[in-house]
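Colleague: My questions will all concern the structure given below.
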Amino acid sequence: MLKQVSKELKRHVPFTMLGAVTGIIVMVVLVFSHASRGISDALFYTLHPLHVVLSALVTTAMYKLHGKGKLWKAILIGYTGSIGIATLSDAIIPYIGGGLLNVPMEFHMPFIETAKMPFIGIAKWKIVNSAAILGIAIGYLKPNTRFPHFGHVLLSTWASLFGFTAFGIANWIPLLPFILLFLFLAVWIPCCVSDIVFPLLFVKENQKERSMPKL
């Protein structure tokens, strides 16, 4: 499995970097248009739940396709794999990255936040956890991993970007090369771990060998 994971990581480099570059372009537009942090905040809390949906969908589908396990296991794996990885990718890595760049950052854990979402007025934890449940349901009932995984990578990149601009205050332009690196790392390893490694930890060895996934 390690050999296959290494191969998948290499195969994901080009479009993960493409996603990171699109994120940098968006950041430049935000800076030069003098967009408020409120816009970044609203975009983050829109893209993060969508990221959770696709992450839960792919993680659950991967387990369903290769593990043939019970429903309660699929729910547990889909939830922990999506909420855990999406929080790491979208919130924790940008927070750590901002700290390393000496950017003042607010720390956020969206899946337990009681504050209300912009525009719709529903508690953030309700939206994020409902997104996980929706993704699990789709992944279990209609397991598919190809396009959702690609969408997962792009949404993760953009959510991570707005994790910087919504919760940090900085002169971003001189920091763009470093932001590019953090965006790439925030997506490349976490998404592949979530979509491939994590669900297959719960699959029997003979099932892994019979049909290793290709995303």
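Colleague: Amide H of residue 123: which non-local residues (sequence gap of 5 or more, or other chain) have their own amide H closer than 5 Å, using H built in the peptide plane?
Modeller: Under 5 Å from the amide H of residue 123 lie the amide H atoms of 117, each far enough along the sequence or on another chain.
Colleague: At a Förster distance of 30 Å, what's the computed FRET efficiency of residue 36 paired with residue 80, Cβ-Cβ distance as r, to 0.05? Spell out each step's value before the answer.
Modeller: Numbers: r = 35 Å, r/R0 = 1.15.
The computed FRET efficiency comes out at 0.30.
Colleague: Calculate, for residue 125 and residue 6, the FRET efficiency according to 1/(1 + (r/R0)^6) with r their C-beta to C-beta distance and R0 35 Å; round to the nearest 0.05.
Modeller: Working: r = 36 Å, r/R0 = 1.03.
Approximately 0.45, to the nearest 0.05.
Colleague: Residue by residue through the stretch 22-28, what is 3J(HN,Hα) from phi via Karplus (6.51 cos²θ - 1.76 cosθ + 1.60, θ = phi - 60°)? Round to whole Hz and write x for glycine and proline.
Modeller: Along the stretch 22-28, the couplings run 4, x, 5, 4, 4, 5, 4 Hz.
Colleague: Short version: ³J(HN,Hα) in whole Hz for each residue of the stretch 14-19, in order, from phi by Karplus 6.51 cos²θ - 1.76 cosθ + 1.60 (θ = phi - 60°), x for Gly and Pro, what are they?
Modeller: Once θ is set to phi - 60°, the couplings for the stretch 14-19 become x, 7, 5, 5, 4, x Hz.
Colleague: Still on this structure: Please name whichever of 180, 67, 47 sits farthest to the positive end of the charge dipole of the chain, dipole taken about the Cα centre and charges placed at Cβ: Lys and Arg +1, Asp and Glu -1.
Modeller: Sorting the options by dipole projection puts first 67.
Colleague: The stretch 8-35 to the stretch 109-180: how many Å between their Cα centroids?
Modeller: 15
Colleague: Quick one: length gained pulling residue 181 to residue 72 fully straight, 0.36 nm per residue minus the C-alpha distance? Could you put the intermediate results ahead of the total?
Modeller: Values: separation 109, 0.36 × 109 = 39.24 nm, distance 3.73 nm.
Contour length minus the Cα-Cα distance gives 35.5 nm.
Colleague: What length, rounded to one decimal in nm, is gained on full extension from residue 113 through to residue 141, with 0.36 nm per residue of separation minus their alpha-carbon distance? Spell out each step's value before the answer.
Modeller: Working: separation 28, 0.36 × 28 = 10.08 nm, distance 2.91 nm.
Computed gain between residue 113 and residue 141 is 7.2 nm.
Colleague: Using only Cα atoms and rounding to the nearest 10 degrees, what angle (0 to 90) does helix 176-192 make with the longest principal axis of the chain?
Modeller: Approximately 20 degrees, to the nearest 10.
Colleague: Convert each backbone phi in the stretch 161-173 into a coupling constant with the Karplus relation 6.51 cos²θ - 1.76 cosθ + 1.60 (shift: θ = phi - 60°), then list the ³J(HN,Hα) values in order as whole Hz, x for Gly and Pro.
Modeller: Values per residue, Gly and Pro as x: 4, 6, x, 6, 6, 7, 10, x, 10, 6, 7, 6, 4 Hz.
Colleague: Can you sort 41, 90 so the residue with the fewest Cβ neighbours within 10 Å comes first? Intermediate results must be reported in sequence, preceding the final value.
Modeller: Numbers: 41 17, 90 30.
If I rank by nearby Cβ atoms, fewest first, I get 41, 90.
No lab work stands behind these numbers, since they all come straight from the coordinates. Computed from a prediction, not measured in an experiment: that's the story for all the values here. Neighbour counts are summed over all protein chains in view; Cβ atoms, including those assigned to glycine, are modelled from backbone coordinates with ideal geometry.
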